[in-house]
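Asks: Dropping a structure here in structure tokens format, bear with me for questions.
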Amino acid sequence: MSQEKCKEWYKAMQDEINSLHDNHTYDLMELLEGKRALRNKWVFKLKIGEVGCPPRYKARIMVQGIQ
């Protein structure tokens, strides 16, 4: 997040989290004893459209280790 466009990436991350929340994709709950939370990572993509259109900053959160 030390890039010069960090505000755009941060907004893309907030949009992803808000989208997951609005669609009721997950529920927050306490972990059972002896269980671990799933690991996740952020995937960032810069989508460049036609000439003259501003680029779109997209961020996705993905769970690691599930196939």
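The values are calculated or read from the model by the stated rules, or taken from the named source; none is laboratory data. Keep in mind it's a predicted model, so treat the numbers as computed, not measured. Positions of Cβ are backbone-derived with ideal geometry, glycine not excepted, and every protein chain shown enters the neighbour counts. The protein model used for the area step is the full one, side chains on, heavy atoms only, and it has no ligands, DNA or RNA in it. Shrake-Rupley method; radii C 1.70, N 1.55, O 1.52, S 1.80 Å.
Asks: Quick one: helix 6-22 against the long Cα principal axis of the chain, what's the angle to the nearest 10°, folded into 0 to 90?
Replies: 50
Asks: Could the peptides 23-32, 49-58 be put in order, highest first, of the mean number of other beta-carbon atoms found within 10 Å of their residues?
Replies: Highest to lowest by the protection proxy: 49-58, 23-32.
Asks: When the Karplus curve 6.51 cos²θ - 1.76 cosθ + 1.60 is applied with θ = phi - 60°, which whole-Hz ³J(HN,Hα) does each residue of segment 27-37 get, with x for Gly and Pro?
Replies: Per residue, the Karplus-derived 3J(HN,Hα) values read 10, 7, 8, 6, 6, 6, 5, x, 9, 10, 6 Hz.
Asks: Another one. For the chain, compute the number of Lys pairs whose alpha carbons are separated by less than 23 Å, excluding pairs fewer than 8 positions apart on the same chain.
Replies: 15
Asks: Which of GLN3, GLN64, ASN23 sits farthest toward the positive end of the charge dipole of the chain, with +1 on the Cβ of Lys and Arg and -1 on the Cβ of Asp and Glu?
Replies: GLN3
Asks: Calculate how large, on average over all directions, the projected area of the Cα convex hull of the chain is; give the answer in nm² to one decimal. Could you put the intermediate results ahead of the total?
Replies: Details: hull surface 28.0 nm².
Orientation-averaged projected area of the Cα hull: 7.0 nm².
Asks: Accessible area per residue for the chain in Å², computed with a 1.4 Å probe and the full protein assembly in place, what is it?
Replies: Numbers: 6700 Å² over 67 residues.
Per residue, the chain has 100 Å² of solvent-accessible surface.
Asks: Percent of accessible area on the chain owned by carbon and sulfur, 1.4 Å probe?
Replies: 53
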